[in-house]
1. What nm value, rounded to one decimal, do you get for the distance between GLU35 and LYS105 when each label is placed 7 Å out toward the C-beta?
2. Taking Cα centroids, how far is region 91-122 from region 18-83 in Å?
3. How would you rank LEU22, LEU42, LEU122, going from fewest to most other Cβ atoms within 10 Å of each one's own Cβ?
4. Please find, in a Gaussian network model of the chain (springs between Cα atoms separated by less than 10 Å), the residue of THR100, THR73, THR34 whose mean-square fluctuation is greatest.
5. With n ≥ 4 as the cut-off for DSSP H runs, can you work out [θ] at 222 nm for the chain, using -39500 (n - 2.57) per run divided by the number of residues, rounded to the nearest 500?
6. Largest first and in whole Å, give the semi-axes of the chain's equivalent ellipsoid, each being the square root of 5 times a Cα gyration tensor eigenvalue.
7. If the only charges are +1 at each Lys and Arg Cβ and -1 at each Asp and Glu Cβ, what is the size of the charge dipole of region 43-95 around the Cα centre, to the nearest 20 debye?
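The numbers here are math on the coordinates, done by the rules we state, and not lab data. Quantities reported herein were computed from a predicted structural model and do not represent experimental measurements. Positions of Cβ are backbone-derived with ideal geometry, glycine not excepted, and every protein chain shown enters the neighbour counts.
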Amino acid sequence: MAKIESFEELDCWKSAKELTFLIYTICDNPKLKTEFTAKDQLKRASLSSMNNIAEGFGRFSNKECIRFLNISTASIDEVHSMVLLYSEIGYINEDQKEKTIEVLKKAKHQTLGFIKYLNTKL
């Protein structure tokens, strides 16, 4: 197995980035355009999922990295919660909801897998 040199090579980061892209697309929905606080919170949570993976990768110890990866998974859960609510309110259609939940579950699964791997290296 080749050594990973950059956070950009991490599957969990790629999935979190895909999640963030989906969230930004959802936030273009005219129904969310005037919901500034809701839209901002959703974007910030998705960005946190992606950026905490990158920040953790840049840390000097596996323990520190795991801390940031845990923050990332919590942010993914926050996005999940908000997507479910916004779907019920009608801000997100069923297709967007299903695709977003599929991607966020993948991102969380991959991030938890990375945490599990790093825990074996402590």
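1. 2.2 nm
2. Using only Cα atoms, the two centres lie 11 Å from each other.
3. Numbers: LEU22 20, LEU42 24, LEU122 8.
So the ranking, lowest neighbour count to highest, is LEU122, LEU22, LEU42.
4. THR34
5. Result for the chain: -27000 deg cm²/dmol, rounded to the nearest 500.
6. Numbers: eigenvalues 165, 32, 27 Å².
After scaling each eigenvalue by five and taking roots: 29, 13, 12 Å.
7. Details: 5 positive and 7 negative charges, 82 e Å.
The dipole of region 43-95 has a size of about 400 debye.
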